[in-house]
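Before any comments, here is the structure.
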Amino acid sequence: MRPELELISEWIRPGARVLDLGCGDGALLAYLHTHRQVSGYGLEIDSANLVQCIQTGVSVIHADLEAGLADFSDSSFDYVIMTQTLQAVKHTEALLDEMLRVGRQGIVTFPNFGFWRCRLQIALHGLMPVVKTLPYQWYNTPNVHLFTLRDFEELCRRKRIDILQRMVLDHAHQPRSWPRLWPNLLGEIALYRLGRA
Amino acid sequence: MPPTFPPDSVGQVIPQTAHFAEALALDCGRMLDACELVYETYGTLNADHSNAVLICHALSGDHHVAGYHKEADLTKPGWWDNCIGPGKPLDTREFFVVCCNNLGGCKGSTGPTTINPDTRKPYGPDFPIVTVKDWVRSQARLADRLGIQQWAAVIGGSLGGMQAMQWAITFPDRVRHVLVIAAAPRLSAMNIAFNEVARQAILSDPDFHHGHYYEFGVVPRRGLMLARMLGHITYLSDAGMRAKFGSELREGKPNFNFDTEFEVESYLRHQGRAFVDRFDANTYLLITKTLDYFDPAADFDHDLSAAFHRTLARFLVISFTSDWRFAPARSREIVQALVRAGREVSYAEIPSEYGHDAFLMPIPLYHDILRGYLARVAREVNAHAA
């Protein structure tokens, strides 16, 4: 996870106001607070994660992302971040809209279903892929929407969301040079910085 | 004989009294010439006086928040004993905990039952109606007296949470953390309506004598009992009451009279009766008005986030799912205002069937969150002291 935190942090302006949707144990916010002096909040639904955030001093607000971000006003954050969360929510489109309403920019990371191993497993074995970034079986996965880089970029185009920056990583969250050649085939994790005019 | 207190108890505690000779100007425009506050403390104040925590009590609470007054009576610990003590969420090995009976109370602090020096009779209904702000100002005097310039935390549930909020607004630099539990930024019309019915029950009791019942050697028992029974319903939840009492007839068949036939009736009557023996009707009237008047946004053009703009404290806000007296939505109003004001705040909504009463219950997740938050406060205190 560490390299991903560093990469996201490079995209964040120091002193920015940040909202982290599905902040987990608060590791990203704690990292951004130390390295980018950001202020802000995490939203989290899991109680064990809440306790963890509160213990470490990360400001966390108990909330269900599926209910939207009605408690937050327009453009009240510099960045709204969603790491490894978009594939696990039901209302994907609505949440993307909410993200770019509340935040001036959005940062999204997700596992790429177009990764060659996923394609190979379906093509050769006819089984739902199980890879390092998608380690679950079809019957116990928390993910409800699986998609590829191309799927996501297609959605952004349709929704008039601007892709400001993109990066692809391997399963160890390391940026490599070779996936850049063919990101939708070789990238395991996608990072996007988004905006809307 | 060795001490018989549980090992995680603060043990036997003795209330103390602070006398304040200097007059206190109240929000109602009147002056309180002199006053006394009864309080208890647990734990030890550290060398730089940075580990003090103030607990603010709710409507029927008092200064006896933890430990025991008598060794003989281990059934009656302070009202939040499950949370305060060595090794408990508010760890008295780390913190110096203070709790006082609020002005207008009936447990020793100056209030309606105190003798008015001008008339040599109890103040009764002539005791001024005090506000949450008045309480906070009087608590600040107690802090001065104890040598506490800044609280590590001010904590309160329900009406206590309102005082905690007010502390951050009135004295921004005198509190580092504020814990607002099962509270609301102001009362709803429905909250006020319940308070009004409670007041009418007391005011219409023939033994009330316009509040001067002390002189007649009576107390408005029926009125105060009704007020408490009504209050109690609002502290519980439908599901919680169903689970606790059911709606079976105690004798299995109706008697076609008005005796106690259902468990819930007997519970409410018992709660009402017990309350009359330990609480004063004038104090009850007064504190329901204190609740009704609470509105920190009023001083800031009715903008709660503007009220929080000047605060410096970090906030923890907690609500309980089945609390309909001060529902989670009311806590979220507080959180929303704090977010808009750019303040640091964490918020947790605890699943519970206990209704409003949940804030006094040792619910594991609730206590984990308090413990986690207060451990962080303790770390800050120790880092600063080191």
Review point. List the lysines whose alpha-carbon lies under 21 Å from that of A:Lys159, not counting same-chain residues fewer than 8 positions away?
Key: A:Lys90
Review point. So who's got an amide H within less than 5 Å of the one on A:Gly106, skipping anything under 5 residues away but keeping other chains? H placed 1.01 Å off N, in plane.
Key: A:Val80, A:Leu194, A:Gly195
Exercise for review: In whole angstrom, note down how far apart the Cα centers of region A:115-171 and region B:137-183 are.
Suggested key: 50 Å
**Study point:** Cα-projected label distance for B:His384 with A:Thr92, points at 7 Å along beta-carbon direction, nm
**Key:** 4.8 nm
Exercise for review: Add +1 for every Lys or Arg and -1 for every Asp or Glu among the other residues with Cβ under 15 Å from the Cβ of B:Thr92, and state the total.
Suggested key: -2
Point to revise | FRET efficiency for B:Ile14 and A:Asn140, using Cβ-Cβ distance with R0 set to 60 Å, rounded to 0.05 | key: 0.55
Point to revise | Whole-number D in µm² s⁻¹ for chain B, Kirkwood Cα-pair radius fed into Stokes-Einstein, 25 °C, 0.890 mPa s | key: 113 µm²/s
Check your understanding: Over chain A, what is the mean sequence separation of C-alpha contacts under 8 Å (at least six apart), divided by residue count, expressed as relative contact order in percent?
Key -> 19 percent
Practice item. Describe numerically, in nm with one decimal, the distance between label points set 7 Å from Cα along Cα→Cβ at A:Gln174 and at B:His302. Key: 6.1 nm
Review point. In chain B, which longest range has no trypsin sites (Lys or Arg not before Pro) that are both DSSP loop (not H, G, I, E or B) and surrounded by at most 10 other Cβ atoms within 10 Å?
Key: B:121-386
Review point. To the nearest 0.05, how large is the calculated FRET efficiency for A:His125 and A:Glu154 if R₀ is 25 Å and r is the Cβ-Cβ distance?
Key: 0.40
**Study point:** Student exercise, the protein assembly as shown dipole from Lys, Arg, Asp, Glu Cβ charges, in Debye to nearest 20
**Key:** 1360 debye
Review point. Hey, can you list the residues from region B:355-386 whose accessible area shrinks by 10 Å² or more with all protein chains present, relative to the chain by itself (probe 1.4 Å, no ligands or nucleic acids)?
Key: B:Leu365, B:Asp368, B:Ile369, B:Gly372, B:Tyr373, B:Arg376, B:Arg379
Study note, to complete from the structure: Summing -39500 (n - 2.57) over every DSSP H run of at least 4 residues in chain A and dividing by its residue count gives a helix-only mean residue ellipticity at 222 nm, to the nearest 500 deg cm²/dmol, of -8500 deg cm²/dmol
Exercise for review: Compute the length gained on full extension between B:Met31 and B:Thr119: take 0.36 nm times their separation in residues and subtract their Cα-Cα distance, giving the result in nm to one decimal.
Suggested key: 30.1 nm
Point to revise | Interface B:A - total buried accessible surface [probe 1.4 Å, Å², rounded to 100] | key: 1500 Å²
Exercise for review: Let me have the relative contact order for region B:283-386, percent, based on Cα pairs under 8 Å that are six or more residues apart.
Suggested key: 24 percent
**Study point:** Two-decimal log10 I(q)/I(0) for region B:192-288, as the Debye equation yields it once each C-alpha is a single scatterer, q = 0.14, 0.16 Å⁻¹
**Key:** -0.59, -0.73
Review point. If you project the alpha carbons of region A:56-191 onto the principal axes, what extent comes out on each, in Å, largest first?
Key: 48, 35, 33
Revision key, fill the gap. In vacuo Debye sum over C-alpha of the protein assembly as shown, base-10 log of normalised intensity I(q)/I(0) at q = 0.05, 0.08, 0.09, 0.11 Å⁻¹, listed in q order, is -0.27, -0.64, -0.78, -1.04
Review point. So, counting K/R as plus one and D/E as minus one, what does the shell of residues with Cβ under 15 Å around A:Gly40 add up to?
Key: +2
Study note, to complete from the structure: So B:Ser204 and B:Ala375, fully extended at 0.36 nm per residue minus their Cα-Cα distance, gain in nm 56.7 nm
**Study point:** Under-22-angstrom lysine pairs by C-alpha in chain B, whenever the two are 8 or more apart or on separate chains
**Key:** 10
**Study point:** For B:His309, net neighbour charge (Lys/Arg +1, Asp/Glu -1) across residues whose Cβ lies under 11 Å away
**Key:** +2
Exercise for review: State, as an integer percentage, the relative contact order of region B:192-288 based on alpha-carbon contacts under 8 Å between residues 6 or more apart.
Suggested key: 31 percent
Check your understanding: Which value, in debye to the nearest 20, describes the size of the charge dipole of chain B about its Cα centre when Lys and Arg Cβ atoms bear +1, Asp and Glu Cβ atoms bear -1, and nothing else is charged?
Key -> 340 debye
Check your understanding: Tell me, what is the per residue accessible area of region B:192-288 in Å², probe radius 1.4 Å?
Key -> 54 Å²
Point to revise | Modelled FRET efficiency - R0 56 Å, B:Asn257 with B:Glu215, Cβ distances, 0.05 increments | key: 0.90
Study note, to complete from the structure: Percent antiparallel among DSSP beta bridges confined to the protein assembly as shown, nearest 5, equals 40 percent
Check your understanding: Considering only protein heavy atoms and a 1.4 Å probe, what is the carbon-and-sulfur percentage of the accessible area of the protein assembly as shown?
Key -> 54 percent
Review point. What shape does region B:100-192 take by its C-alpha gyration tensor, where a ≥ b ≥ c are the square roots of the eigenvalues and a/c under 1.5 counts as rounded, a/b above b/c as prolate, and the rest as oblate?
Key: oblate
Check your understanding: Rolling a 1.4 angstrom probe over the protein heavy atoms, how many square angstrom per residue are accessible across region A:38-194?
Key -> 49 Å²
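The values are calculated or read from the model by the stated rules, or taken from the named source; none is laboratory data. Not measured: the values here are computed from a predicted model. Because the Cβ atoms are built from the backbone with ideal geometry, glycine has one as well, and the counts that use them run over all protein chains shown. With ligands, DNA and RNA removed, areas are computed over all heavy atoms of the protein, side chains included. Shrake-Rupley method; radii C 1.70, N 1.55, O 1.52, S 1.80 Å.
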